[in-house]
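J.: Below you will find the structure I want to go over with you.
The values are calculated or read from the model by the stated rules, or taken from the named source; none is laboratory data. This is a predicted model, so every value here is computed, not measured. Cβ coordinates were reconstructed from backbone atoms using ideal geometry, including for glycine residues, and neighbour counts include every protein chain displayed. What goes into the accessible areas is simple: the full protein's heavy atoms, side chains included, and nothing from ligands, DNA or RNA. Shrake-Rupley method; radii C 1.70, N 1.55, O 1.52, S 1.80 Å.
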Amino acid sequence: MLAKADSSAPRKEPTDLVFTDPLTGLGNHRRFVDKVERLQAERADDPAPFAVGIIDLDGFKPINDLFGRAAGDNILVQVALRLRAAMDEHSIATRIGADEFGFLLPMTFSVAAASAQARTLIEILSAPYDVGERTVRLSASVGCALFYGDESADELINKAETALYQAKRSGRGAVVVYTQEMEDAAKRMTRMEQALRRAVSAGEVEPHFQPIIDLRTRRPIGFEALARWTDRDLGRVPPSVFIAIAEERGIIGPLSQLLLRKATIAAGRWPAHLFLSFNLSPSQLVDQNTGQQILSILDQTGFDPRRLEIEITETGVMSDPTSAAKIVADLRQVGIRVSLDDFGTGQSSLGRLRDFHFDKLKIDRAFVSSILDDRPSEHIIRAILAMCEGLGMDVVAEGIEEEAQAQRLLAFGCGGGQGYLFGKPLDADATLGYLRDSLRGPAQARDA
Ligand code: C2E
Ligand code: MG
Ligand code: MG
């Protein structure tokens with residue numbers, strides 16, 4: 001039911017200021033809710049559903065930061081014009097937040113039709129925008145919900161918000177239409193978020209430590225701290241789940257500080273030649289406070305910065321390379337070493353290895369696990385090793401589970417290894433026990 005962007009004449013908008021967004025002239029949030037309520041009243045005795053949707057511009061904030069506010073406003077006005085032009089005579093578009101637009105499609109009766117129309121809107125918004133001399137491109141995500149006759153306007157709009165949240169999570173330019181399963185998943189996430197917040201303030205998330213060994217001597221050279229959380233009700237939650245929630249819901253800062261404090265206290269009891277390797281999340285490399293927070297924890301726990309390594313992934317470097325470079329430079333200044341984690345899975349841009357100085361590279365488990373039976377993996381690992389040698393970087397192969405893998409990696413010249421073959425992550429006390437054993441007796445492979 002959408003009109004073609006270029007064929008529809010501008011429509012007269014209500015002049016009532018209370019209902020109008022002053023920047024774009026579209027209706028505002030109040031108008032959106034009011035329109036939805038009116039339509040609900042109209043459809044009270046009519047079984048025909050209708051659709052509402054919320055559009056969120058992807059990556060609008062950086063545009064504002066980069067080109068200035070005036071340019072940002074200019075783009076919002078252009079977005080509004082395009083949306084208005086795309087509406088047919090029944091439908092309306094409104095601006096309901098900084099870079100959020102709500103639309104109401106009274107003649108859209110199905111999930112399929114709502115998604116198709118949302119996709120058209122995204123396409124219309126993806127065409128380039130002229131801002132002064134420059135051209136800017138944007139994408140947008142959309143969440144939709146259908147009204148079937150049994151909820152308030154706020155509830156319906158909340159459903160569209162839930163769908164939008166899911167769309168945003170799945171990347172740029174996505175359309176999601178609300179379902180009940182989505183609501184249940186959102187509730188589970190919120191429950192987990194609350195439990196995690198409580199656990200972080202109560203200091204209940206613990207670092208465990210997995211040995212990183214010298215493949216030649218088979219002795220530990222350091223440990224990677226890996227977060228572990230067991231909740232009373234939820235049970236053991238894997239870090240892949242709770243770290244993601246912490247990142248998404250803004251708890252990663254306090255969580256990471258708690259873990260670093262505990263980890264450096266534990267590592268302070270190890271022999272001084274062993275390093276501690278600590279993971280940073282991508283969002284922490286966008287936050288300029290991160291460096292200072294790390295340094296102040298080292299100061300409090302008295303841990304030598306030269307014994308600390310920070311593991312970051314390419315995703316972390318990519319989202320804001322300038323910010324990440326500054327944080328990394330600050331850390332290296334005091335002797336902290338920086339590793340590139342999970343190499344080979346993400347973008348693995350070689351340009352990045354030239355621009356960014358890493359002390360160490362960790363080859364992702366995916367390559368190590370297939371090194372014995374997959375020629376391409378073998379060649380890739382050999383190429384990575386040759387490259388690291390040329391660049392003066394240390395290498396650790398992750399996820400070594402079999403003796404034959406360790407042998408092969410050693411034969412290729414890989415210096416460091418980590419994996420269940422040498423030990424699983426253990427808590428602080430068990431790690432001390434592991435160290436006592438491994439430093440006493442002849443070095444040998446062991447399963448913890
Ligand atoms: P990662 O940094 O790549 O950590 C290595 C993961 O591989 C760990 O999973 C480790 O337990 C697992 N692993 C080690 N050796 C083997 C092996 O031989 N076989 C197999 N199958 N797996 C092995 P884990 O502990 O579940 O952590 C998953 C991810 O969660 C980590 O990947 C890291 O990205 C993140 N993470 C864990 N702790 C923290 C933390 O304190 N802060 C942040 N920001 N992220 C963390
Ligand atoms: Mg890691
Ligand atoms: Mg890794």
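J.: So what's the gap between the Cα centers of segment 116-154 and segment 190-231, to the nearest angstrom?
T.: 41 Å
J.: If I model a spin label at Ala41 and Asp373 as a point 7 Å from the Cα along the Cα→Cβ vector, what separation in nanometres do I get?
T.: It works out to 6.8 nm between the two label points.
J.: Please state the relative contact order of the chain as a whole percent: Cα pairs under 8 Å, 6+ residues apart?
T.: Across the chain, relative contact order equals 11 percent.
J.: I'd like the antiparallel share, as a percent to the nearest 5, of DSSP beta bridges with both residues in segment 17-178.
T.: Restricted to segment 17-178, the bridges split so that about 85 percent are antiparallel.
J.: Which residue fluctuates the most in the chain, going by a Gaussian network model with Cα springs under 10 Å, if the choices are Leu121, Leu295, Leu66?
T.: Residue with maximal mean-square fluctuation among Leu121, Leu295, Leu66: Leu66.
J.: Could you tell me the extents of the chain's C-alpha atoms along the three principal axes, largest first, rounded to whole Å?
T.: That works out to 83, 52, 47 Å along the principal axes.
J.: Let's test the formula: R0 of 56 Å, r as the Cβ-Cβ distance of Asp429 and Tyr148. What FRET efficiency results, to the nearest 0.05?
T.: So, using R0 = 56 Å, E works out to roughly 0.50.
J.: Equivalent-ellipsoid semi-axes (√(5λ), Cα gyration tensor) for segment 320-365, whole Å, largest first?
T.: Square roots of five times the eigenvalues give 19, 13, 8 Å.
J.: I'd like the carbon and sulfur percentage of the solvent accessible area for the chain, probe radius 1.4 Å, heavy atoms only, ligands and nucleic acids excluded.
T.: About 51 percent, which is the carbon plus sulfur part of the accessible surface.
J.: How far apart, in nm, are the 7 Å Cα→Cβ label points at Arg436 and Ala383?
T.: Result for the modelled spin labels: 4.8 nm.
J.: Using a Cα distance threshold of under 29 Å, what count of lysine pairs results for the chain when pairs must be 8 or more residues apart or interchain?
T.: 26
J.: Could you tell me what a quarter of the Cα convex hull surface of segment 213-363 works out to, in nm² with one decimal place?
T.: Mean projected area of the Cα convex hull: 9.9 nm².
J.: Which value does Rg/Rh take for segment 254-319 over its C-alpha atoms, Rh per Kirkwood?
T.: We get a ratio of 0.97 for segment 254-319.
J.: Quick one: Cα convex hull volume of segment 188-447, Å³ per residue?
T.: 130 Å³
J.: Here is a follow-up. Need one number: nm distance between label points at Ala329 and Ala48, each 7 Å from Cα along Cα→Cβ, rounded to one decimal.
T.: Result: 6.2 nm between the two label points.
J.: Determine the gain in length on full extension of the stretch Asp304-Ala116; use 0.36 nm per residue of separation and subtract their C-alpha separation, reporting nm with one decimal.
T.: Using 0.36 nm per residue and subtracting the Cα-Cα distance, I get 61.9 nm.
J.: How big is the Rg/Rh ratio for segment 76-213, C-alpha atoms only, Rh by Kirkwood, two decimals?
T.: Here the Rg-to-Rh quotient is 1.12.
J.: To check you understand DSSP bridge types, tell me what percent of the beta bridges within the chain (both residues inside) are antiparallel, rounded to 5.
T.: 60 percent
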